[in-house]
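Let me begin by presenting the structure, written as structure tokens, before commenting on it.
The values are calculated or read from the model by the stated rules, or taken from the named source; none is laboratory data. None of these values were measured; they are calculated from a predicted model. Note: ideal-geometry Cβ built from the backbone for every residue, glycine included; neighbour counts use all protein chains shown.
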Amino acid sequence: MRSGMSRRTVLKTAALASTTMITAPYVRGAYAAGSLALGCWDHWVPGANKALIKLCNEWGEKNKVDVKIDFITSQGERDKLTAAAEAQAGTGHDIMSHRDWNIKIHQNVLEPLDDVVNALIKKYGPISPVAEYLARIKGTWRGIPTTVGSQVKPCCSRLDLYKEHAGLDLRDMFPADESKYDRAKTDMWTWDVYLESAQKLYKAGFPVGLPMGQTSDAIDWVGALSNSFGVVFVDAKDNIKINSDETRQMLEYLKKLMAVNPPEVYAWDDAGNNRWLISGKGSSIMNPPSAWAVAKRDNPKVAENCWTHGMPKGPKGRFVGQLPQFYGLWKFSKNKAAAKDLLTYISQKESVAQLVEASVGYDLPSFKTMYDLDTWKTVEPPVGTVYSYPPRGDEQTSIAGAPARSEVGAQIYNQAINTVMVAKFTQGNEKLDDVIKWAEKELEGTLRA
């Protein structure tokens, strides 16, 4: 989800957020070693919250700390509104969940977490560069990546439709075992091949469904494609780079690709592509395994033919959009040592395994060394359907707005400059040069702001 909230909006709604934020409270008994209050994102997967409760319960029992968790919905941005209200008031929870760019927004009231994050990196290896871009501010970690709610958005496609109408065996191309990836086969999965197959599927009556609105699903897949074409909006030194051959190549490509999507994709919200796949009309989307999980209940025949797999490769590589979530520790917390210890505990691989299992593979840690968990190998139908959900092989994570300074990147993302630009060219039929000039002016505005 995107956030375009102004300070005035936050002030008007802070009181409402603070009184309506809690959707499922969990309170532990009192203990002698103090207390901790957590404000956590309310998971969409039934039962997933219970796994976090269990972990906090275990830690609280061992450390004699009274733990309270408030699960706060992201509907209507209530989690962000709650965080904004607490940041301004200087009181509230000790630990708060933060989505996308919120660590940057609240950096001045968040406790440094270098000791916690660096210890995890030492134990588990490199962390996702997207997580670092969003939460490591001026060399200091102000948030710790969570497993809960963190996601990437690769392809989720119908095995039967691709085989029948496009002549492609996606399970052979991306098997449920990374050691069996054949580079020659995965290298064949390019954006050109994606377009060719999308044209065949469109002709057969089963188009791919790629949103082109101003919500995160659209922004993320277009951001990944942009990176694979080598498109840069603004670089790390504030140079506007959108007027380039790479941008022209990308837009010309998208003109062809969007022509074989259903026309309503320009109006879809983040649920539009899910509904398209679940309906049986869609052949492929770019999304976490949520659509597949709902299809298991609502349309089992679709679910048993779903296969999550790598994104297409472009001239500059293969990229997938990532949206990590984070835990932040407020500077006004009265129990910082205990909070850091709890964050360390729920970030261990053994804890992460429980969270991933509870979410049926939706939740994604930011450490590649944790991608060998059994859940992605065993959930079904079909067995291995979400194995390639974590980035594997040569797939790299990315986020729209990077590599610009994060405050600039946040504006590029929240204003959906990438998808608006595409819509102007592909749906509005505006001239290519005019679209690029429009984007340049918008980017100039982000730099001034």
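Report yes if some residue within region 340-363 is in contact with a strand residue (DSSP E or B) (Cβ under 8 Å, 6 or more places away or on another chain), at pLDDT 95 or above and closer than 28 Å to Val231 by Cβ; otherwise report no. Within region 340-363, none of the residues are in contact with a strand residue (DSSP E or B) (Cβ under 8 Å, 6 or more places away or on another chain), at pLDDT 95 or above and closer than 28 Å to Val231 by Cβ.
State yes or no: is Gln411 closer than 30 Å to Asn243 by Cα, without any contact (Cβ under 8 Å) to a residue 40 or more places away in the chain and in contact with a strand residue (DSSP E or B) (Cβ under 9 Å, 6 or more places away or on another chain)? Criteria met by Gln411. Tell me, please, whether a residue that is without any contact (Cβ under 8 Å) to a residue 24 or more places away in the chain and within 30 Å of Val65 (Cα to Cα) can be found in region 329-349. Yes, region 329-349 has at least one match.
Screening the candidates Asp79, Asp115 for the property of being assigned by TED's automatic domain parsing to the domain that holds Gly39, assigned to a helix (DSSP H, G or I) and buried (at least 23 other Cβ atoms within 10 Å of the Cβ) yields one hit, Asp79. For region 216-234, the criterion of a residue being closer than 21 Å to His165 by Cβ and assigned by TED's automatic domain parsing to the domain that holds Gly409 is satisfied by no position. Restricting the first member to region 370-390 and to residues that are surrounded by 14 or more Cβ atoms within 10 Å (Cβ to Cβ), and the second to residues that are hydroxyl-bearing (Ser, Thr, Tyr) and assigned to a helix (DSSP H, G or I), the beta-carbon pairs closer than 8 Å and six or more apart or on different chains are Met370/Tyr124.
Residue count for region 391-401, restricted to those that are out of contact with any Asp or Glu (no Cβ under 9 Å at 6 or more places or on another chain) and more than 18 Å from Pro315 (Cα to Cα): 2. In region 378-386, the condition of being under 20 Å from the mean Cα position of the chain (by Cα) and not charged (D, E, K, R) is met by at least one residue.
If you filter region 153-204 down to residues that are touching a Leu at 6+ places or on another chain (Cβ under 7 Å) and of a type in the set (A, V, I, L, M), you find that the one that is farthest from Val302 (Cα to Cα) is Leu195.
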